[in-house]
Structure formats: structure tokens, C-alpha cells
Amino acid sequence: MVESGMRFRTAGLAIASVLLACSPSAPPPVAVPSVAPTASTPLAALPDASAASSTAESPFAPIAARFLEGYLKRAPTLATNAGNHAYDGAWPDVSAAGDAEALAFYDATRAELARLAKDRLDDKDRIDARILEHQLDYAKFTLTELRPADKNPLFYTGLVGDGLDVLLTRDFAPHDVRMRSLRARLAGIPAIVQVAKKRLAHAPRVHTETAIQQNKGLIETCEKGLAEDVAKEPALKAELEAAAKTAAAALRDFQTFLEKDLLPRSDGDFRVGRDLLTTTMRFELDDDVAIDDLAKTAREALARTQEEMIDTAMELSPTVLKSTAPRPTTTEGKKKLIRAVLDALAADRPTNKTILKDAKTELDRATAFVREHDLVRLPEEPCQVIEMPEYRRGVTVAYCDSSGPLEQKAWSVYAISPTPRDWSEKRALSFYREYNSSMLADLTVHEAMPGHYLQAMHANKSKSDLRALFASGPFVEGWAVYAEWLMAKYGFGGPRVRIQRQKMMLRLCANAILDHDIHAGKMTEKEALALMTDEAYQEEGEAVGKWRRARLTSGQLTTYFYGFTELAKLRAQLEKSPGFTERAYHDKLLGFGSPSLRHVRALMLKPGG
């Protein structure tokens, strides 16, 4: 697991800040209001995900079509992100009246679904109807119970950042067309700020502090970050500069509000509590999960993986440590050996000058490895390795940004990050010790091949716009972690990469434990940092950032562990099936799009499909 992720794939009704959904600064899930203007089953018998798309005669089809039309109109920033560009210049209505109108729309759609004769639906429409029901219920819960527009300033900084970023970074339309949309969105920022100042009451302090930092980045973008784009459009120069000036002034006003007004009264509790975490987890995972049992399973997996790391460390010891010492038997001895091996591997690391080239090399190596072992169908769509924009650096080392499911032309970029220009040499060194050369190989597997990039391109083949639009975070992140396991199983990168994957598994487990113990318990900062640094071998800087992230979100950190463990259990059942091959199994699994794990299980285990 890495601190990164897909930048649109979890774009559901319940998520507004899609672009940073996997970063330490991501806000919790928020609903988007309205816009102003069996194990013995033979593998060959499993249902074909690409078959049976909705037809005009389907009773579900018109409901889905009406909902998607209304939803995208009410969520213009997510529409842009997904590839529908009818509303590229608009913002959602984030006022209380907008919330009320959105709830009415969701309730009306839910009532239509309740009247639907489910027994008349084929398997695909039946699952899509359940996905829509779940998204509608999650959206209503978010608007009425979580209420981020009233409690979380990150709702607004995330919304503004997402709405501008896609227009600046994605080449989905001619530059002048995107700049006209950008002009309109810049001009709409003052209205968002006014709503934010009116609605925000008592936020948790960590949320306000993080929003203050994010808003500084937005101000810098409006004041200094648009010059290159503006220069490309002389005919729009005056209008763009005026809109950017207006937006920057509004954001500076918001900065004053955040620092002078909201921060002093930011006395909200960042711990959501056991009851709210249980409900949030049910929506986030789209499954009935006992949160205590899930945390217990994560602790067991943590201990098991630590023992596996000893085996790998012993294998590496003669070459990286020049040591043939016997296997340690004490806990401290085991930790000392693992740390020594990880420290030795950290010495082989990229630099700001080499990391882009190194990432390209790793992508080529991983692609060749997948092809050689015929693990899964390789995408024909390109994946470009790019240097991460400066304003996104310092939070994550990488992300995968893929075209939305509604785009006419599919593409992906694997963005890799040099350290920010203002970082000290010591801080940059710590960063690259964590993301050393063998970790970069594992990172590339997770983000690109056969992780997020490959999965996204398979999902783009889905016959359901609704399923593609509301991708399951646990499936998306679970697949990327599963991809790490799969490549290590076949020996990609040898024991040097394997021990980094095991380290990432420790981080995966620690994430789930943090999620539970912080929000359903009273875990302190000291306890959290000890878990991450002493038990999961994270660098101190990584651990400090995760402590912040764990307080900003609830439920999302568990998606990686839950998604991977469920995919691992499913594979354990089906790899015993007659005719099992890696290629056939993975192509079928990925062919369903990205539904939640309960639907994936039903589809994959259905006999005689």
C-alpha cells in the first residue's frame, strides 16, 4: 500500500474531494449537493462481465439514465473529472438550500428504485440497482449526519482544488476551451467562500489547520500558478487575469476567516466515535463488517507479516549486510535485523534528478514481467510517466491519474514526485530513504502495472456508466495491493522488492488499526507513532503525516486492508477451480468494472454463469 492512489475512481455520490482521496490531506467523504444554474465452480463457468448490458427495454435503464443526468448536473466538478464536459464552468450549489434540493432528488430516485420490480432485472441491472441504492443512502447519511459543509473546512478547499485542477492538468479538450471553463470557475469562487463563511461552525482543530495550508496553495495557484496557461491564450488574457484576481481575493478573505475566526473556535472532536465509525465503515466498505473483528484481523496480519519479513531479511542478509548470523529469536533481535536490512536497502535510492527516469524504467520492467508471465491482459491505452506538479508535492510520492469513465479517449499518467524545492537536504533524504529504489519498484506496481493504471483501463471497458462512475474504493485499492502481492509471488524484483511489499503490508495493517483505535477508541499520538515506526518500520516523517491523515478521515484508511484481504480470500477459493489460470481469472475479475467486494464475490462465485 502506498500513500497515493487513483484520482477519480472512487468518485461516488459520497465523495467530493476525489483528487486527493488517497492523500494525507484528504477530507472525509462528503455528498455533493445540487448545482446552481462457490469454490468448486469451474472458472470457465463464471459469468462473463462484459455480457448483458442494459437495454432500452430494461425497467432499470430509464431510472439510471434520469439519475445520471440529474446527478452530473448537480455535481459539475465530478462530472468534469468523470469525462462529462457539459458543466465544466459550473460549481455545485453548496448552500443549505442546495443540500435540501439534493436530498429531495436522492429521495425521489430512491422511491423509484423501491417501486422497481427487481425480479424483472438481469444480473447486471440488479447489481447496478443495488449500487445506486447504496450510493443514495450514503449520500443522505453524509448530508444529514456527517454534515461536512457545516463542520469541515476541507470540504471547501477540496472542492475548489478539484474543480480547478482537472481543467489545468487534463488535456481532454483544446486549451482555449478549458481556459474558458477555468475562467468561469475562477469567477464562481467568491460565492463558494461566502457560503463557507456562513456555514462553518465548530470544526476539529486539525481540520482547520490543514485547510489553512491547503488554502495557501490555492491562493498561490490563482496568483502565480496560472501564468503559463494564460500566456498561451492572448485573446483570453485579460479575462483570465481578472477572474484569477477575483478568485485570489476571495481566497485571501477565506484565509483570514480560517485563521482569525474559525481556528479560535475549532473545538470539535476529530474522533467520530464508535457508532459513527461503524456506520461510516458500512457505507465505505459496502459490506456488513464488525469493526472490532476487522481490527483484530489487522493485528493478526501485522504479526504474521512481521514473521514473514524475518524470512526475507535472512535471505537478504548475506548480500546486503555481508552477514551470516543465525536467525534471531527475540522480538528485539528480529526488529534489529529487519531495520538493518531496510536501512541497507534505503542506501540505494533515487534523487530528484533521477526519479523520473527511474520510474519509467520500473514501469517498463513491470510491463515486461506481466507480459512474460501472462498474468492479465495488458492495456492498449498508453500510460505516460510525468513529473508531479510542484503544488502537489510533499504529500505523496506518486499517483495514477486516469481518464474518467465517460471520456471519449482513455489514457493514464503515472505522476512521480521529486521533493518540493523548499525542502531541506535532511528532509529530502528521509523522503528518499522511505521511497528507495526497491520501494519505487513496488510503488510502480501499485500505481501503474498491474495496479491502478491497468485496473482503470480494464474498468473503462465496463458496459455500465453507473458502475464505472461509482467505483468501489475497497476494490480499487484492494486490487492495487493485490497486484503487489501477485508480482512478488512470481518473483518481480526478487527479495529486495518482496521485503518492501511486506513493509507495505505492515503499513496496510497499521492503517486499519489506526482507523479503529483513533475513532472508536482513544489512541494517542504517541501510541500511533509507536505503532507506525516500531511495528511497521515507517520513517518518522511518514508516520507524522499519517497521524494527521488518520485524524482527518474515518473509514477510508481501512479500505486498503479490507479490499486486499477480501480479494485474497476470493482467489484462495477460486484458484482451486478446474482450468484456473492467472490470465483468465484476472481478466474476468477486472471485467466487472469496479463494484464493491460483495458484488464481486457474488459475480465470481455464481455457478453456471
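The values are calculated or read from the model by the stated rules, or taken from the named source; none is laboratory data. Everything numeric in this text was worked out from a predicted model, so none of it was measured. Glycine also receives a Cβ, built like all others from the backbone with ideal geometry; neighbour counts cover every protein chain displayed. What goes into the accessible areas is simple: the full protein's heavy atoms, side chains included, and nothing from ligands, DNA or RNA. Shrake-Rupley method; radii C 1.70, N 1.55, O 1.52, S 1.80 Å.
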Next on the checklist: Of the residues Asp162, Asp137, only one is more than 18 Å from the chain's Cα centre (by Cα), under 21 Å from Leu72 (Cβ atoms) and acidic (Asp, Glu); which?
Outcome noted: Asp137
Checklist outcome for this item: Picking from Leu567, Leu531, Leu514, Leu486, the residue that is among the hydrophobic types (A, V, I, L, M, F, W, C), modelled with pLDDT of 95 or more and open to solvent by 20 Å² or more (accessible area, probe 1.4 Å) would be Leu531
Checklist entry - Is it the case that Glu434 is open to solvent by less than 10 Å² (accessible area, probe 1.4 Å) and at pLDDT below 90? => result yes
Checklist entry - Is one or more of the residues making up region 204-214 modelled with pLDDT under 95, within 23 Å of Trp91 (Cα to Cα), within 25 Å of the chain's Cα centre (by Cα) and open to solvent by 20 Å² or more (accessible area, probe 1.4 Å)? => result yes
Item to check | Positions within region 260-282 being open to solvent by less than 80 Å² (accessible area, probe 1.4 Å) and out of contact with any helix residue (DSSP H, G or I) (no Cβ under 6 Å at 6 or more places or on another chain), in sequence order | outcome: Asp261, Arg265, Gly268, Gly273, Leu276, Thr279, Thr280
Checklist entry - Got at least one residue in region 392-409 being open to solvent by 10 Å² or more (accessible area, probe 1.4 Å), in contact with a helix residue (DSSP H, G or I) (Cβ under 6 Å, 6 or more places away or on another chain) and more than 30 Å from Thr305 (Cβ to Cβ)? => result yes
Item to check | Exclusive hit being at pLDDT 90 or above, among the charged types (D, E, K, R) and open to solvent by 10 Å² or more (accessible area, probe 1.4 Å), set Arg427, Arg507, Arg498 | outcome: Arg498
Next on the checklist: Which of the numbered conditions does Ala441 fail, given that it passes all the others? Conditions: (1) in contact with a helix residue (DSSP H, G or I) (Cβ under 8 Å, 6 or more places away or on another chain); (2) buried (at least 21 other Cβ atoms within 10 Å of the Cβ); (3) not in a helix (DSSP H, G or I).
Outcome noted: (3)
Item to check | Tally, over region 466-524, of residues that are of a type in the set (Lys, Arg) and under 19 Å from Ile338 (Cβ atoms) | outcome: 5
Checklist entry - From the list Leu236, Leu186, which one is of a type in the set (A, V, I, L, M, F, W, C) and more than 24 Å from Asp401 (Cβ to Cβ)? => result Leu236
Checklist entry - Looking at (1) under 21 Å from Phe270 (Cβ atoms); (2) buried (at least 23 other Cβ atoms within 10 Å of the Cβ); (3) out of contact with any Gly (no Cβ under 8 Å at 6 or more places or on another chain), which is the one condition that is false for Gly593? => result (1)
Next on the checklist: Of all residues being farther than 25 Å from His586 by Cα and modelled with pLDDT of 80 or more in region 376-391, which is surrounded by the most Cβ atoms within 10 Å (Cβ to Cβ)? Just the residue, please.
Outcome noted: Met388
Checklist entry - Of (1) under 26 Å from Asp517 (Cβ atoms); (2) surrounded by fewer than 17 Cβ atoms within 10 Å (Cβ to Cβ); (3) out of contact with any Asp or Glu (no Cβ under 8 Å at 6 or more places or on another chain), Ala298 satisfies all except one. Which? => result (2)
Item to check | Of residues in region 69-88 being open to solvent by 30 Å² or more (accessible area, probe 1.4 Å) and not acidic (Asp, Glu), the one nearest to the chain's Cα centre (by Cα) | outcome: Asn84
Checklist entry - For Lys335, all conditions in the list (1) over 23 Å from Thr305 (Cβ atoms); (2) among the charged types (D, E, K, R); (3) open to solvent by less than 80 Å² (accessible area, probe 1.4 Å) hold save one; what is the number of the exception? => result (1)
Item to check | Hits in region 444-479 - residues which are touching an Asp or Glu at 6+ places or on another chain (Cβ under 8 Å), open to solvent by less than 10 Å² (accessible area, probe 1.4 Å), within 26 Å of Glu69 (Cβ to Cβ) and part of a loop (DSSP other than H, G, I, E, B) | outcome: Ser464
Checklist entry - Condition test on Ala187, is it open to solvent by 50 Å² or more (accessible area, probe 1.4 Å), within 24 Å of Leu226 (Cβ to Cβ) and of a type in the set (Gly, Ala, Ser)? => result yes
